[in-house]
Amino acid sequence: HFLNLLFIFVLTTSISLSSSEFVGNGRLSDAEVSYIRRRQLLYYKDQYRDRGERVVVDPRLRFENPRIRDAYIALQAWKQAILSDPQNLTANWVGSKVCNYHGVFCAPAPDNSSIRTVAGIDLNHGDIAGYLPEELGLLRDIALFHINSNRFCGTVPQSFRNLRILFELDLSNNR
């Protein structure tokens, strides 16, 4: 646990120090990097995976199956972790129909073809700034995760080890 915190501190400190030279070029400011660092460290302080910032699911929403509900939670947590979305790629990430969200692709579940699940995400070249929240580990059926050429920073969440069928992970050209 202590080593995780130390690693994150060293990583985010180096990110923070290097970010000051990019502020004028459309990059994250020192304040934004500091905010992201604080948000990530808040998570790692809690061994029970509850930061008190969980997504609140409106009880009026209806989901076609529990996996789509989990995807909704993951995607809403991610939307909250986005600081800048200049192309408004996540603007339609509203409501329970996650398969209609921009950049989200659904397919029959690998273990049960009678239900749909989120199979891929492609938000390449979106200039989106933020970080990847732990809740993304709820996307257990995802095979493709492409977010290259954005401004995501921080560490890959430990929950990504839950993504057992992840085949393509492209995080290139981020921070």
#### Entry: Computed lengthening from Asn124 to Ser29, 0.36 nm per intervening residue step minus Cα-Cα distance
32.0 nm
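Grab the Cα-Cα distance for Val57 and Leu166, subtract it from 0.36 nm times how many residues apart they are, and report the gain in nm with one decimal.
Fully extending the segment from Val57 to Leu166 adds 36.6 nm.
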### Query
For the modelled label position 7 Å from the Cα of Ser84 along Cα-to-Cβ, which residues of the stretch 150-168 have backbone nitrogen atoms closer than 14 Å?
150-153
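With r as the distance between the Cβ atoms of Asn173 and Glu64 and R0 = 35 Å, compute the FRET efficiency 1/(1 + (r/R0)^6) and round to 0.05.
Working from the Cβ atoms, E equals 0.55.
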### Summary
In nanometres, the difference between 0.36 nm per residue of separation and the alpha-carbon distance of Ser113 and Ala91 is 5.0 nm
## Note on the structure
Spelling it out for Tyr101: with amide H atoms placed in the peptide plane at 1.01 Å from N, the residues 5 or more places away or on another chain with amide H under 5 Å from its amide H are none
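Read-outs: derived from the displayed coordinates by stated rules, not from any lab. These numbers were taken from a predicted model, which means no experiment stands behind them. All Cβ positions, even for glycine, are placed from backbone atoms using ideal geometry, and neighbour counts span all protein chains on display.
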